[in-house]
Amino acid sequence: MNDKTINRKAFGKRIKEAREKMGYTQSELAEEVGVSQNFLGDIERGIKLPSLNKLIILSNVLKLSLDTMFAESLDNIICESEEIYYTDRQLAIMKSVIKAINDNFK
């Protein structure tokens with residue numbers, strides 16, 4: 001998994017909520033998944049991510065689809081330049097529109 005695109009805290013929160021909803025303690029879920037309680041705690045706190053194999057086991061044990069597990073944790077923000085470029089003609093038209101608006105509200 002590319003952990004640069006996964007919000008670990010949101011993912012961990014989802015796992016913790018699902019665990020509590022299913023009535024598992026950290027220790028019980030850790031045993032079911034085959035990880036240490038400390039590792040599961042690190043997942044829930046957003047410090048670590050499970051391997052793909054453990055992720056599938058978590059999904060099955062918690063009865064959560066993978067898309068539900070990751071719904072709030074994927075970083076879907078596309079970074080694009082904030083700058084907008086206009087042609088000289090577009091700028092001239094915008095200036096004339098702004099001038100007309102200002103003239104009408106004097």
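Residue separation of I56 and K21 scaled by 0.36 nm, minus their Cα-Cα distance, works out to 10.8 nm of gained length. A straight chain from T5 to D88 at 0.36 nm per residue would run longer than the Cα-Cα distance by 26.0 nm. The phi-based Karplus calculation (6.51 cos²θ - 1.76 cosθ + 1.60; θ = phi - 60°) puts the 3J(HN,Hα) values of the stretch 41-54 at x, 5, 5, 5, 7, x, 8, 10, 10, x, 5, 4, 4, 5 Hz, whole numbers, x for Gly and Pro.
We did not get these values from a lab; they are worked out from the coordinates using the rules stated. Because the structure is a prediction, the values reported are computed rather than measured.
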